[in-house]
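Notes follow the structure.
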Amino acid sequence: MSRVAVVQAASVPFDADAATSKAVSLVAEAAAGGAELAVFPEAFIGGYPKGTSFGAVIGVRTEAGREEYRRYFDDAVTLEGDEVRRLVEASAEHGVHLVVGVIERLGNTLYCTALLISPDEGLVGNHRKLMPTGSERLVWGFGDGSTLDTMDTPMGRVGSVICWENYMPLMRQAMYAKGVELYCAPTADDRPTWQATMTHIAIEGRTFVLSACQYLTRDAFPEDHPVEQEMPGGDVLMRGGSVIIDPTGTVLAGPVFDEETILYAEIDLDVKKRSHLDFDPVGHYSRPDVFQLKVNDAPADSVSFGA
């Protein structure tokens with residue numbers, strides 16, 4: 001048996017240093033609770049600017065919106081930067097594997113990324129969201145197949161699928177084929193319907209699902225940050241809904257709404273093994289004579305130099 005944690009907490013938008021400090025503190029808290037793996041929400045470091053348009057409508061961008069983007073850009077992290085180094089150190093100090101949602105800066109493009117961090121090996125993976133949803137496409141680039149990373153742990157193989165990537169059937173199938181046993185789903189989706197999606201994936205993939213969403217309020221943002229869309233929850237921009245589900249669809253922890261918390265659950269991989277008696281989506285139930293999936297896992301670089 002292994003103990004895992006899902007962190008439901010607010011980011012510190014536009015302050016990567018403070019958000020990292022909060023994450024480091026929460027790693028210590030999860031470790032004190034016995035967790036060997038802690039999963040953080042989407043964009044926990046760098047921030048999820050919910051309700052913000054960045055001054056863009058079709059055919060028009062404003063200077064104020066460009067300045068807001070500049071501030072967002074400056075707060076993003078790099079894989080070689082201080083924020084990632086501190087997360088790696090916290091992982092090693094407390095012996096906790098981490099999945100952490102960040103806004104990553106690579107060159108002049110931002111990516112919504114999930115870091116995979118091992119206490120022994122440091123940063124072992126960085127999955128960049130393949131398909132930003134809706135207007136996220138304005139501020140985030142598209143990941144490629146080279147970052148469908150996994151992390152082997154004593155608890156089982158860990159993989160991450162971010163937010164609405166979980167509605168991509170072929171993405172799910174690829175992760176099942178990679179042997180993911182602890183399927184981590186950082187998200188910004190706090191709707192009740194998200195729970196049905198997570199339960200479906202647990203049963204379909206015969207995998208443990210750990211979904212982390214922020215509990216985020218308007219006052220987490222700087223006073224001059226524009227939230228231009230009226231939110232269904234008023235000043236509550238994200239209400240959580242984090243959850244842990246086992247391969248049979250049994251909810252082990254959560255969902256919890258409207259507060260910051262850490263959810264814990266015990267993981268027994270024998271539950272997964274038993275569940276494959278009658279179903280394996282990439283094995284005896286897959287019908288490769290009828291259906292096949294080809295995954296391009298090469299980096300999609302726009303420019304290459306040399307022969």
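Restricting attention to segment 42-91, the residues that are more than 16 Å from Arg128 (Cα to Cα), β-branched (Val, Ile, Thr) and touching a residue at least 24 places away in the same chain (Cβ under 8 Å) add up to 2. Listed by first and then second residue, the pairs linking a residue in segment 14-30 that is farther than 14 Å from Val84 by Cβ to a residue that is open to solvent by less than 50 Å² (accessible area, probe 1.4 Å) and of a type in the set (Ser, Thr, Tyr), with Cβ atoms under 9 Å apart and 6 or more places separating them unless they lie on different chains, are Phe14/Tyr72; Lys22/Ser11. Scanning segment 33-58 for residues that are of a type in the set (Gly, Ala, Ser), open to solvent by 30 Å² or more (accessible area, probe 1.4 Å) and modelled with pLDDT of 95 or more yields one hit, Gly34.
Among the residues of segment 138-168, those that are in a helix (DSSP H, G or I), open to solvent by 20 Å² or more (accessible area, probe 1.4 Å) and either under 25 Å from Asp301 (Cα atoms) or modelled with pLDDT under 95 (or both) comprise Leu138, Ser146, Trp164.
Restricting segment 63-77 to residues that are under 22 Å from the mean Cα position of the chain (by Cα) and open to solvent by 60 Å² or more (accessible area, probe 1.4 Å), the residue that is nearest to Ser53 (Cα to Cα) is Tyr69.
When Phe208 is tested against (1) of a type in the set (A, V, I, L, M, F, W, C); (2) under 24 Å from Ile45 (Cα atoms); (3) crowded, with 23+ Cβ neighbours inside 10 Å, just one condition goes unmet, and that condition is (2).
Could you tell me whether any residue of segment 113-129 is open to solvent by 20 Å² or more (accessible area, probe 1.4 Å), in contact with a Phe, Trp or Tyr (Cβ under 9 Å, 6 or more places away or on another chain) and within 22 Å of Ala9 (Cβ to Cβ)?
The answer is yes, given that some residue of segment 113-129 is open to solvent by 20 Å² or more (accessible area, probe 1.4 Å), in contact with a Phe, Trp or Tyr (Cβ under 9 Å, 6 or more places away or on another chain) and within 22 Å of Ala9 (Cβ to Cβ).
I'd like to know if segment 80-98 contains one or more residues that are open to solvent by 20 Å² or more (accessible area, probe 1.4 Å) and within 21 Å of Pro299 (Cβ to Cβ). Yes, some residue in segment 80-98 is open to solvent by 20 Å² or more (accessible area, probe 1.4 Å) and within 21 Å of Pro299 (Cβ to Cβ).
Here Met151, Met131, Met168, Met198 are screened, and the one residue that is under 13 Å from Val99 (Cβ atoms) and not charged (D, E, K, R) is Met151. Selection of segment 1-20 for residues being farther than 23 Å from Ser135 by Cβ and either small (Gly, Ala, Ser) or assigned to a helix (DSSP H, G or I) (or both) yields Ser2, Ala5, Ala9, Asp17, Ala18, Thr20. Comparison of Asp278, Asp301 shows that the only residue that is over 22 Å from Gly34 (Cα atoms) and either small (Gly, Ala, Ser) or at pLDDT below 95 (or both) is Asp301.
The values are calculated or read from the model by the stated rules, or taken from the named source; none is laboratory data. Predicted, not measured: the structure shown is a model, and the values here were computed from it. Positions of Cβ are generated from backbone atoms using ideal geometry, with glycine treated the same way; all protein chains shown enter the neighbour counts. Only protein heavy atoms, including side chains, enter the accessible area calculation; ligands, DNA and RNA are left aside. Shrake-Rupley method; radii C 1.70, N 1.55, O 1.52, S 1.80 Å.
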